[in-house]
Structure formats: structure tokens, C-alpha cells
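Enquirer: Questions regarding the structure given below will be posed in turn.
The values are calculated or read from the model by the stated rules, or taken from the named source; none is laboratory data. All figures in this text were calculated on a predicted structure; none of them were measured in a lab. Glycine gets a Cβ as well: all are built from the backbone with ideal geometry, and neighbour counts include every protein chain shown.
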Amino acid sequence: MQIEQRSFLVTGGASGLGESVVRAIVAQGGKVVIADLNESAGQVLVDELGDNTRFVRCDVTSGDDVQAAVAMAEEAFDGLQGSINCAGIAVVQKLLDRENNPADLEAFSRGVNINLVGSFNVARLVAASIAKRVAASTTAEVNADNGIIINTASIAAFDGQVGQGSYASSKAGVVGMMLPLARELTRHGIRVMTIAPGVFATPMIQSLPEKAREQLEAAVPYPKRLGNPNEFAKLVVHIIDNAYLNGEVIRLDGAIRMV
């Protein structure tokens, strides 16, 4: 699928990995609805990038919010060709604290709800929009690359650390639901892919103490540094363009394996 003149929904698109994806798609001639809770950052991005972008305030766990984002793409850009789901949070808490008190269940659930349920919510509504457009088309082709859904997992899905019970399980769920969705959506010509990034220079990582960031960089075999969000965006662009990529998770992590 060529990006030029096609439209995509990018959740978490106002900052970090999502912002880089927005910039990369627009640079390729594509159109983007930026779905994020950060209204000020989202509007600044729209003001900079121009008419090929729109912003909508969106909680990915809300069916109404995501449907409104999809509707905006349908109205402003004549439909959607895909989504890149970058919205997520990291909940850090041990199962038991130092006094052996149990973890907060609400915090655990919030992480799973945003990272996993939110990803499913976006996928179901974007897929419905694409499938309805394809069904209404009179020029449907066999093996047409009609749409793409790209979700963001994490290396924590495979190498979860102490305190990452919510984060690791939610990201493992994102990986686990990929193949069933990819298999189901074949009849509509919609692909489903997942990227599992390692340690990237995002606002969340950059907020860590300098010593902690240095330790993360040292743990990466090569290149021995944090990932650049532009490198994540480049992979997204390649996945969109390469129609034979489907039903797979790609680790983008400089060969790091957390132990």
C-alpha cells in the first residue's frame, strides 16, 4: 500500500513514537487523524503540519471517542486506510510491596485497559470502517491491500521485569491477539501487524534519572544507545508499504534481551 493520499488514524500521535509516525506519514504524502488526550500538543502539531492532519481528543478505551476519530477521518479524508496504535501507559508496581501488602488492582486494571483493551477498541472500529468501504466499492480486486492495523507492544511482552506485571501482561496480550485478528480480516484485505519496541528516547524514558538512562543504553548490544522514534516511524512506513507483512510481531530493540 502506498502512503501517498491515503489516510491513517494514529493514537498517541501528539508525542513520542506516535508523533514521529505522524510526521513520517505526512512526509510521504499521507493524511493523519491524530488521536490523543493532549489537546495542546496535538493542535500544535496540526498547526505545523497543515491540512493533511486533523486532531481529535481521544481516550482509546472509549468507544464513542474512537468512533468520533474514525468519523473525522471518513469526513475529512474520505475514509481510512489504516491505524497505528501508539497510545499506552506504563504501570509499575510489584505484586507485593516491602510490607507484603498486595498491589493495587485498580492500577493493574488501568494499564491492561488502556494498553490491551484500548488497542482492541481501535482495531475493531477502524476495521469496521475499512470493511464497509471495501464492501461498498465496485472495483474490489483479489488480493487487494485494503487496509493495515499496526499495534504497539513492547519487549516487555517477552522480557518483562519485576514490577511490570500490568505492563508486560497487557503488551503480551497485544501480541497474542494479533494473529487471530489477522486471520479474521483476510477476507477484507486488511493486514494486522505488531511492533515490539525496546528502549526508545520517548518522554517516558527521558524523564528517568540520568543514571537509569545510562544503564538502559549500556544494556543495548548494538547500537549502544536508546532507539530514535524516527527509527520506529521508518518501520511503520515500511510495514504499510510491504503487503506481504501480515500477522507478525517485529522486535525493534538493538538486540536487547532484558534479564
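Enquirer: Restricting to region 19-38, and then to whatever is over 14 Å from the mean Cα position of the chain (by Cα) and either among the charged types (D, E, K, R) or assigned to a strand (DSSP E or B) (or both), can you tell me which residue is surrounded by the most Cβ atoms within 10 Å (Cβ to Cβ)?
Expert: The selected residue is K31.
This table checks each residue for (1) modelled with pLDDT of 95 or more; (2) loosely packed, with under 13 Cβ neighbours inside 10 Å.
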{"residue": "N143", "(1), (2)": "no, yes"}
{"residue": "I148", "(1), (2)": "yes, no"}
{"residue": "I155", "(1), (2)": "yes, no"}
{"residue": "V175", "(1), (2)": "yes, no"}
{"residue": "M193", "(1), (2)": "yes, no"}
{"residue": "P203", "(1), (2)": "no, yes"}
{"residue": "K211", "(1), (2)": "no, yes"}
{"residue": "E217", "(1), (2)": "no, no"}
{"residue": "P221", "(1), (2)": "yes, yes"}
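Enquirer: If I ask for residues that are in a loop (DSSP other than H, G, I, E, B), under 18 Å from G198 (Cβ atoms) and in contact with a strand residue (DSSP E or B) (Cβ under 9 Å, 6 or more places away or on another chain), which ones from region 116-172 would you list?
Expert: Once the filter is applied, which keeps residues that are in a loop (DSSP other than H, G, I, E, B), under 18 Å from G198 (Cβ atoms) and in contact with a strand residue (DSSP E or B) (Cβ under 9 Å, 6 or more places away or on another chain), region 116-172 yields A153, S154, I155, G163.
Enquirer: Sticking with this structure for a sec: Quickly run through region 8-18 and pick out the residues that are buried (at least 24 other Cβ atoms within 10 Å of the Cβ) and either more than 11 Å from the chain's Cα centre (by Cα) or not in a strand (DSSP E or B) (or both).
Expert: Once the filter is applied, which keeps residues that are buried (at least 24 other Cβ atoms within 10 Å of the Cβ) and either more than 11 Å from the chain's Cα centre (by Cα) or not in a strand (DSSP E or B) (or both), region 8-18 yields F8, G12, G13, A14, L17, G18.
Enquirer: Has region 190-211 got any residue that is under 14 Å from A90 (Cα atoms), part of a loop (DSSP other than H, G, I, E, B), of a type in the set (A, V, I, L, M, F, W, C) and touching a Gly at 6+ places or on another chain (Cβ under 9 Å)?
Expert: yes
Enquirer: Regarding G29, is this residue touching a Gly at 6+ places or on another chain (Cβ under 9 Å) and among the small types (G, A, S)?
Expert: So G29 does not fit the description; no.
Enquirer: Output the residues belonging to region 151-209 that are of a type in the set (K, R) and more than 30 Å from N101 (Cβ to Cβ).
Expert: Passing the criteria: R183, R187, R191.
Enquirer: Here is a further query. Output the residues belonging to region 235-247 that are surrounded by fewer than 15 Cβ atoms within 10 Å (Cβ to Cβ) and either more than 19 Å from the chain's Cα centre (by Cα) or not polar (S, T, N, Q) (or both).
Expert: Once the filter is applied, which keeps residues that are surrounded by fewer than 15 Cβ atoms within 10 Å (Cβ to Cβ) and either more than 19 Å from the chain's Cα centre (by Cα) or not polar (S, T, N, Q) (or both), region 235-247 yields H238, D241, A243, Y244.
Enquirer: When you go through (1) under 25 Å from H188 (Cβ atoms); (2) surrounded by fewer than 19 Cβ atoms within 10 Å (Cβ to Cβ); (3) among the hydrophobic types (A, V, I, L, M, F, W, C) one by one for L95, which number turns out not to apply?
Expert: Answer for L95: the failing condition is (1).
Enquirer: Could you grab the pairs with beta carbons closer than 8 Å, sequence gap of 6+ or different chains, first residue in region 136-160 and more than 27 Å from A233 (Cβ to Cβ), second one aliphatic (A, V, I, L, M)?
Expert: From region 136-160, the pairs are A140/V134.
Enquirer: Quick check on my filter: what residues within region 39-88 are under 27 Å from G165 (Cβ atoms), surrounded by 16 or more Cβ atoms within 10 Å (Cβ to Cβ) and not charged (D, E, K, R)?
Expert: Hits for region 39-88 are C58, V60, T61, V66, I84, N85, C86, A87, G88.
Enquirer: On to the next question. So which of T186, T152 is over 19 Å from L9 (Cβ atoms) and either touching a Cys at 6+ places or on another chain (Cβ under 9 Å) or β-branched (V, I, T) (or both)? Working first, answer last.
Expert: Numbers: T152 fails: over 19 Å from L9 (Cβ atoms).
Unique residue meeting the criteria: T186.
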